[in-house]
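J.: Okay, handing you the structure first.
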Ligand code: RTP
Ligand code: MG
């Protein structure tokens with residue numbers, strides 16, 4: 001089942017020089033391809049749309065501030081079961097709980113600064129791709 005997913009390399013990944021490392025892991029997966037990619041700063045409107053499900057939670061305001069603290073790299077990745085696959089490459093939200101070998105397990109620090117976002121379902125992917133790449137979805 002070929003799918004599309006939205007991936008964001010968060011500001012910590014860009015600041016720490018981990019763009020190549022993380023994209024390399026995605027690229028090495030056979031049969032997946034990057035079909036769009038952009039370095040950009042995210043405004044409040046975009047972040048409120050993207051993380052709206054978390055509005056009102058204690059971590060929401062610091063999350064939005066962190067995501068606006070520097071540029072991110074936004075990517076569209078296409079391929080076989082790519083939604084589940086990139087979530088597995090990323091590892092669990094909390095880097096301390098993430099296995100070594102996963103992106104968050106290898107490089108993560110605190111739960112907020114966990115390097116990568118990846119859509120968590122087909123519905124999320126459709127919604128998020130419209131926010132970040134309205135021209136292609
Ligand atoms: P994401 O949406 O960024 O791909 O991450 P996720 O699905 O693994 O985690 P989610 O529950 O959707 O949380 C979104 C992001 O909010 C930050 N967070 N901080 N307790 C906390 O301080 C806390 N919990 C979540 C993380 O940056 C998480 O990725
Ligand atoms: Mg999430």
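J.: What pairs come out if I take residues in region 7-24 that are closer than 12 Å to residue 108 by Cα and pair them with residues that are surrounded by fewer than 15 Cβ atoms within 10 Å (Cβ to Cβ) and at pLDDT below 95 whose C-beta lies under 9 Å away, six or more apart or interchain?
T.: 12/109
J.: Identify all residues within region 57-75 that are over 21 Å from residue 126 (Cβ atoms), in contact (Cβ under 8 Å) with a residue 12 or more places away in the chain and within 11 Å of ligand 1 (Cβ to nearest atom); write none if there are none. Before the answer, list the steps.
T.: Taking region 57-75 and keeping what is over 21 Å from residue 126 (Cβ atoms), we get 57-66, 68-71.
Right, trim to in contact (Cβ under 8 Å) with a residue 12 or more places away in the chain and you get 59, 62-64, 66, 68-71.
59, 62, 63, 64, 66 - these are the residues of region 57-75 that are over 21 Å from residue 126 (Cβ atoms), in contact (Cβ under 8 Å) with a residue 12 or more places away in the chain and within 11 Å of ligand 1 (Cβ to nearest atom).
J.: From the set of residues in region 25-46 that are without any contact (Cβ under 8 Å) to a residue 24 or more places away in the chain and under 26 Å from residue 106 (Cα atoms), which is nearest to the chain's Cα centre (by Cα)?
T.: Residues of region 25-46 without any contact (Cβ under 8 Å) to a residue 24 or more places away in the chain: 27-28, 30, 45.
Within this subset, residues satisfying the condition of being under 26 Å from residue 106 (Cα atoms) are 27-28, 30.
Details: 27: 15, 28: 17, 30: 20 Å.
My answer is 27.
J.: Residues of region 63-80 being touching a strand residue (DSSP E or B) at 6+ places or on another chain (Cβ under 9 Å) and over 10 Å from residue 14 (Cβ atoms), which ones? Working first, answer last.
T.: Step one: list which residues in region 63-80 are touching a strand residue (DSSP E or B) at 6+ places or on another chain (Cβ under 9 Å), which gives 67, 71-80.
Selection gives 67, 74, 75, 76, 77, 78, 79, 80.
J.: Can you say whether residue 54 is within 15 Å of ligand 2 (Cβ to nearest atom) and touching a residue at least 60 places away in the same chain (Cβ under 8 Å), as far as the supplied structure shows?
T.: Numbers: within 15 Å of ligand 2 (Cβ to nearest atom): yes; touching a residue at least 60 places away in the same chain (Cβ under 8 Å): no.
When the stated conditions are applied, residue 54 does not pass them.
J.: Next up: Identify, please: which residue in region 82-127 is near ligand 1 (Cβ under 9 Å from one of its atoms) and part of a helix (DSSP H, G or I) and is, among those, farthest from residue 26 (Cα to Cα)?
T.: 124
J.: Filter region 24-33 down to residues that are out of contact with any helix residue (DSSP H, G or I) (no Cβ under 7 Å at 6 or more places or on another chain) and either closer than 19 Å to residue 81 by Cβ or modelled with pLDDT under 95 (or both) and give me whichever is surrounded by the fewest Cβ atoms within 10 Å (Cβ to Cβ).
T.: Let us first name the residues in region 24-33 that are out of contact with any helix residue (DSSP H, G or I) (no Cβ under 7 Å at 6 or more places or on another chain), namely 24, 27-28, 30-31, 33.
From what's left, either closer than 19 Å to residue 81 by Cβ or modelled with pLDDT under 95 (or both): 27-28, 30-31, 33.
Details: 27: 13, 28: 9, 30: 7, 31: 11, 33: 12.
Going through the qualifying residues, I end up with 30.
J.: Now a separate question. Need pairs with beta-carbon distance below 6 Å; first residue closer than 21 Å to residue 126 by Cβ and free of Cβ contacts under 8 Å to residues at least 40 places away in the same chain and within region 78-100, second within 14 Å of ligand 1 (Cβ to nearest atom) and not in a loop (DSSP other than H, G, I, E, B); sequence gap 6+ or separate chains.
T.: As it stands, the answer is 87/118; 90/103; 90/104; 90/116; 90/118, since those pairs meet every condition given.
J.: A further question on this structure: So, in region 5-24, of the ones that are in contact with a strand residue (DSSP E or B) (Cβ under 9 Å, 6 or more places away or on another chain) and not in a strand (DSSP E or B), which residue ends up farthest from residue 62 (Cα to Cα)?
T.: Among those residues, the one meeting the criterion is 23.
J.: List every residue pair whose Cβ atoms lie under 7 Å apart, where the two residues are 6 or more positions apart in sequence or sit on different chains, the first residue falls within region 117-128 and is surrounded by fewer than 16 Cβ atoms within 10 Å (Cβ to Cβ), and the second residue, located anywhere, is assigned to a strand (DSSP E or B).
T.: Listed by first residue and then by second, the contacts come to 122/3.
The values are calculated or read from the model by the stated rules, or taken from the named source; none is laboratory data. For clarity, every value in this text was computed on a predicted model and none was experimentally measured. Positions of Cβ are backbone-derived with ideal geometry, glycine not excepted, and every protein chain shown enters the neighbour counts.
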